[in-house]
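One structure is given here, and the rest of the page talks about it.
Taken together, the values in this text are just the output of simple stated rules run on the coordinates, not laboratory data. As the structure is a prediction and not an experimental result, all values here were calculated from the model. Positions of Cβ are generated from backbone atoms using ideal geometry, with glycine treated the same way; all protein chains shown enter the neighbour counts.
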Amino acid sequence: MSAKKQRLVVVGNGMIGMRTVEEALKRAPGRYDITVFGAEPHPNYNRILLSSVLAGEKTLEDIVSHPLAWYAERGVTLVAGDPVEAIDPAAPAALSVRAVSHSFAARKALDAVDLDVPAGSFTALLGLNGAGKTTLVSLITRLHDSHSGSIRVLGFDVRRESAAALSRLGVVFQARTLDLDLSLRENLLYHAALHGIGRRALSVMVTRSAMSRKVQTPGRFRPGRGGASGFDPVARISRS
Ligand SMILES: Cc1cc2nc3c(=O)[nH]c(=O)nc-3n(C[C@H](O)[C@H](O)[C@H](O)COP(=O)(O)OP(=O)(O)OC[C@H]3O[C@@H](n4cnc5c(N)ncnc54)[C@H](O)[C@@H]3O)c2cc1C
C-alpha cells in the first residue's frame, strides 16, 4: 500500500508559484498532493512576455508556459479564476477518523483506520465487499457505537458531542427517500423544518443548488412524475 501523500496548497498560479511546484515535483516525486489556486482564469503563462500580448504581437495562448495538460499529466489540481480570500489553517477537517478499529464478535472489520476529508473536498471510499466501508460509515453516522479511536465531524466528536456532530452531517441513502406525494420544494421545506432551518435560509441554499429552477416552482415538479424524476438523486443530495 502506498504512503499517504502530504497536501501542498500553492496560492498564486504565477511564475514563482509554478516554479515552486516544478521543484517540489522534481525533488520529491509522489510526495505531495498538490493544489494550485490562481486568481486569473488561465493556466500559468510567462508574465515577462505579457508586454508582447498587450502590444498585440502575441496571444495569451502563445505565452502559456504550463498548459492545462501539464497539470493533468502530473496530477496537479488547478483551481483557476478563484482568488483565495482567506487561509484558516486551524479550520477542522470535515471528517477526521483516527485509529478506529471495530470488531463483530471475533471478526475484525476495521483495524486502526485513519481518514481525513478536508472541508470543501470530495472523497470516494472504494473497496471490495467486506473491506469495512459500511462499518466505517455506520460508525461515523452512529448506527454502531465506536469504542476505539476517534471520529470527528467538523471538529465534533461523534461519541462525546454526538448531537453537534450529527447535526452537521448529511446522509444520502441508496434507496429513494423522497415523499412522492410532495413536490420537490415541499420535500425540502419539510426536511428543513425538521432540522430547524427557516424558509429564508432554505431559499438561499436552494438558489445555490443544482436544482434551483425546479424547486423554485411551487408544486410543479413532483419527484414521482416523469419530468422531474431525473432530479431525484440531485434532490436527495441537496436535501442532505
Ligand atoms: C507587463 C509586464 C511585463 C514584465 N516584463 C518583465 C521583463 O521583461 N523582465 C522581467 O524580469 N520581469 C518582467 N515582469 C515582471 C515579472 O513578470 C514578475 O517579476 C514575475 O511575474 C513575478 O512572479 P510572481 O510569481 O511573484 O508573480 P506573478 O507572476 O505575478 O504571479 C502571481 C500570481 O498570483 C495570483 N494571485 C494573486 N493573489 C492571489 C490570490 N489571493 N489567490 C489566488 N491567486 C492569486 C495572480 O493572479 C498571479 O497569477 C513584467 C511584468 C509585467 C506585468
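Applying the selection to region 99-137, what residues are hydrophobic (A, V, I, L, M, F, W, C), assigned to a loop (DSSP other than H, G, I, E, B) and over 20 Å from the mean Cα position of the chain (by Cα)? Across region 99-137, the qualifying residues are 105, 106, 128, 131.
Under 18 Å from residue 81 (Cβ atoms) and not hydrophobic (A, V, I, L, M, F, W, C): is that true of residue 23 in this structure? In short, no. State all residues of region 55-82 that are within 11 Å of the ligand (Cβ to nearest atom) and over 18 Å from the mean Cα position of the chain (by Cα); if no residue qualifies, say none. Across region 55-82, the qualifying residues are 55, 63, 65, 81. When the residues of region 80-108 are filtered to those that are of a type in the set (Val, Ile, Thr) and surrounded by 14 or more Cβ atoms within 10 Å (Cβ to Cβ), the one that is farthest from residue 131 (Cα to Cα) is 97. Scanning region 109-142 for residues that are loosely packed, with under 15 Cβ neighbours inside 10 Å and hydrophobic (A, V, I, L, M, F, W, C) yields 112, 119, 122, 124, 125, 126, 128, 131, 137.
So in region 1-54, with the set limited to residues that are in contact (Cβ under 8 Å) with a residue 60 or more places away in the chain and within 10 Å of the ligand (Cβ to nearest atom), which one is nearest to residue 65 (Cα to Cα)? Going through the qualifying residues, I end up with 13.
Can you name the residue in region 88-98 that is within 17 Å of the chain's Cα centre (by Cα) and among the aliphatic types (A, V, I, L, M) and is also farthest from the ligand (Cβ to nearest atom) among such residues? My answer is 97.
Taking the numbered list (1) out of contact with any strand residue (DSSP E or B) (no Cβ under 8 Å at 6 or more places or on another chain); (2) within 21 Å of residue 172 (Cβ to Cβ) in turn, residue 144 passes all entries but (1).
Would you check if there is a residue in region 39-52 being over 26 Å from the mean Cα position of the chain (by Cα) and either closer than 23 Å to residue 87 by Cα or among the small types (Gly, Ala, Ser) (or both)? Yes, the conditions are met somewhere in region 39-52.
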